[in-house]
Amino acid sequence: MTQDSPHGSTGPGRSVPGESVVSGSTTGRRIEAMLGVPCYTLAEVAEASGLDVNIVRRYWRSLGFPDPAPADKHFTETDVQALRQLAGLVAEQEISFTTAQNLVRAQGHSMDRLVLWQVEALVEDAAKRHELDDTSARLLVLDKLGGLAPVLAEQAEYVWRRQLAALMSRIDRDLSQSDHAASSAQQLPLERAIGFIDIVSYTTRAATLSATQLASLVGEFESAARDVIARYGGRVVKTVGDAVLWVADDLPSGAWVGTGLLEAMAARNLPIRGSLVWGRVLSRSGDVFGPIVNLASRLADVATEGELLMDAVSAALLRESGHAAEFEISELPEVDVPGLGSVTPARLVRRPEA
């Protein structure tokens with residue numbers, strides 16, 4: 001009953017497997033009621049929204065859904081309104097068609113991850129609280145999800161507004177601090193602290209754990225990382241199993257995030273290593289790109305358990321930032337970093353508070 005289950009085995013022109021099962025359940029009908037009554041085929045929804053059928057098909061795929069069968073009454077009036085609204089922005093030249101497709105793809109990907117995460121969290125909660133096996137827990141969640149859906153939808157909109165307001169504040173700050181005269185078209189636009197952490201010997205450790213134990217390990221690691229990163233003003237860019245990539249808007253905040261992660265994971269007996277680098281990045285599709293991202297990744301690879309490494313330039317900038325008294329920065333011998341050559345790392349440690 002997760003968001004993954006309908007995908008993967010669907011070919012062109014075929015209905016989504018399992019759709020009729022969900023539609024026949026009480027929860028399925030309640031969720032569908034939020035969208036409206038399915039009454040349009042692909043061709044009909046295109047005609048009703050005033051768009052070419054190929055554009056509608058691209059829109060649907062950008063949301064992350066497979067093509068419905070030509071005769072399927074799959075679409076609702078809600079779909080028509082959403083298409084008209086987006087098409088109106090393009091027609092009024094508020095945004096380009098390519099940008100519209102990119103926005104839809106962002107929403108589709110983000111919401112797919114969101115609903116999957118939420119459902120899996122509810123399943124885990126049901127299994128623990130009611131001592132159920134996975135199948136029974138999913139059936140219980142399926143039964144309750146219709147009642148929870150409106151609250152989750154309202155919370156999603158609330159958090160979106162909060163995140164948008166926070167982003168606008170960061171953009172205002174970046175613009176107020178930027179030196180337009182010194183900027184170059186060749187420079188990447190954003191200055192950020194980039195950090196990596198990962199669990200040491202994760203593959204070996206994971207091979208010895210049961211599914212429940214592995215889920216607990218990954219869940220504890222990710223939850224603790226997100227809490228610490230948010231606490232000190234950083235933001236998670238992405239998680240990949242045993243690793244977290246994060247950013248901070250200034251180097252001292254990045255240093256507090258990195259050293260805070262070491263302390264938090266040590267308290268949980270989770271052996272980690274990591275890196276912190278300052279420099280310019282490009283932000284696209286919710287991710288960050290640039291040479292310093294690669295440098296941070298490589299430095300994390302050469303760090304030992306319990307170490308947070310910086311490059312020499314970032315270490316020098318932190319020493320000069322006025323926050324040097326808060327940290328110990330120790331230069332280490334040169335190391336050969338694959339793809340980058342010789343690098344002189346520095347170990348970063350937070351000084352004990354007086």
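Dividing the summed helix terms, -39500 (n - 2.57) for each DSSP H run of n ≥ 4, by the number of residues in the chain produces a 222 nm estimate of -18000 deg cm²/dmol to the nearest 500.
Label-to-label distance, R84 versus L148, with points set 7 angstrom from Cα along the beta-carbon direction: 3.4 nm. Sorting R84, R138, R162 by the number of Cβ atoms found within 10 Å of their own Cβ, with the fewest placed first, yields R162, R84, R138. Per-residue extension of 0.36 nm, minus the Cα-Cα distance of A33 and W160, leaves a gain of 43.4 nm for this segment.
Full extension of the chain between V53 and E331 yields a length gain of 93.9 nm, computed as 0.36 nm times the residue separation minus the alpha carbon distance. Which residue, chosen from A255, F97, V337, occupies the Cα position most advanced towards the positive end of the dipole of the chain, where the dipole is computed from +1 (Lys, Arg) and -1 (Asp, Glu) charges on Cβ about the Cα centre? Farthest along the dipole direction, towards plus: F97.
What Kirkwood hydrodynamic radius do you get for the stretch 103-238 when you take the inverse of the mean 1/r over all pairs of distinct Cα atoms, in Å?
18.8
Computed from the Cβ-Cβ distance with R0 of 41 Å, the FRET efficiency linking N269 to E92 stands at 0.10. Distance between the 7 Å Cα→Cβ label points at D287 and S342: 3.3 nm. The local environment of E154, defined by Cβ-Cβ distances under 15 Å, has a net charge of +1 under the rule Lys, Arg +1 and Asp, Glu -1.
At an R0 of 25 angstrom, the distance between the Cβ atoms of R170 and R113 translates into a FRET efficiency of 0.65. In a fully extended conformation the segment linking T204 and E320 would gain 37.7 nm over its present Cα-Cα distance, using 0.36 nm per residue. Taking 7 Å steps out from each Cα toward its Cβ at S136 and A230 produces label points 3.2 nm apart. Here the chain is treated with +1 on each Lys and Arg Cβ and -1 on each Asp and Glu Cβ, and its dipole about the Cα centre works out to around 260 debye.
Coordinate-derived values only; no laboratory data. Quick caveat: nothing in here was measured; it's all calculated off a predicted structure. Methodologically, a virtual Cβ is constructed for each residue, glycine included, from the backbone with ideal geometry; neighbour enumeration extends over all protein chains shown.
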